[in-house]
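See below for the structure under consideration.
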Amino acid sequence: MAAAAIIAFGSCQKGSAPSASLKTDLDTLSYELGMANSRGLKMYLSERMGIDTTYLDEFFKGVVVAAQAGDDKKKAAYYAGIQIGQQIGSQMLKGVNYQIFGEDSTQSISLRNFLSGFIAATKGKDEKISMKQAEKEFQKRMEDMRDKALSKVYNENKEAGEKFLAENAKKDGVKTTPSGLQYKVIKEGNGPIPADTSKVLVHYEGRLVNDTIFDSSYKNNDGKPVQIVVGQMIPGWIETLTMMPVGSTWEVYIPQELAYGSREVGSKVKPFSALIFKLELVKIEE
């Protein structure tokens, strides 16, 4: 919307919908510009701003009042505050709540405290926490709260993985590292061992502890090995690949904390899932 295109409303009461008077070419041009600048607006309001178009008359009142404010800086600041406040209430708050609490609509961050911190930091005074401390801590605090909330929902996944790994550790040929990673050598290669900075070619098949296959380079990559950088993978893969000689094929059993943890990956890997991989190290790339 180009607000500057709304040239004149004629005489009208503040907040009411103005009536058009098309007596001159300028009058008509003004009206036409208003029409042209409304193209797609209703869809934008509904789809991008989440506005219920049942209340379009209220929207129009706001448009008229804000447009008539002209260059009044005090009013412009107030209307900008309303716009940003609506974005906080209708978009940002919902997004953050979903990140932390998922589908649990009974929990929410405090809007009052959010706004208090938002205003104090913008003003640059009366902060209860320094900006440096907030930026350092909030991501970790948010992840911890998210993990705590999700662990209630997906506790069965966590327990199933722990039970599987405890029983698997007792099987012949299965070795356990200090981190809790387990592996069994299917084929021992005699090539070099990658570093975490190495680029390598691997074949793999990933399964859940109930034997559901969730990914496979043998099936999903035209039967070709996949090129990866070791250090960019999940911790369980990094630890495994930096122990494996080229030419090896291992079966690897990865605790959830060395896999994706509280993240959900695709439609099959739910939070706190222990994973099993058949992992074949084909080659270290130059």
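Remarks
- Count - residues of the range 50-81 that are touching a Gly at 6+ places or on another chain (Cβ under 7 Å) and of a type in the set (S, T, Y): 0
- In the range 22-37, of all residues being surrounded by 12 or more Cβ atoms within 10 Å (Cβ to Cβ) and not in a helix (DSSP H, G or I), the one that is modelled with the highest pLDDT corresponds to L22.
- Comparison of G180, G117 shows that the only residue that is assigned to a loop (DSSP other than H, G, I, E, B) and not basic (K, R) is G180.
- Qualifying position, being surrounded by 14 or more Cβ atoms within 10 Å (Cβ to Cβ) and without any contact (Cβ under 8 Å) to a residue 12 or more places away in the chain, among A69, A80, A76: A69
- Leading residue by the ranking (surrounded by the most Cβ atoms within 10 Å (Cβ to Cβ)) among those in the range 248-268 that are at pLDDT 95 or above and assigned to a strand (DSSP E or B): I254
- Residue match in the range 213-231 (condition: within 24 Å of K268 (Cα to Cα), among the hydroxyl-bearing types (S, T, Y) and surrounded by fewer than 17 Cβ atoms within 10 Å (Cβ to Cβ)): yes
- Filter result for the condition that a residue is assigned by TED's automatic domain parsing to the domain that holds T242, more than 29 Å from the chain's Cα centre (by Cα) and outside any helix (DSSP H, G or I), over K125, K170: K170
The values are calculated or read from the model by the stated rules, or taken from the named source; none is laboratory data. Nothing here was measured: the structure is a model prediction, and the numbers come from that model. Note that we place each Cβ from the backbone using ideal geometry, even for glycine, and neighbour counts take in every protein chain shown.
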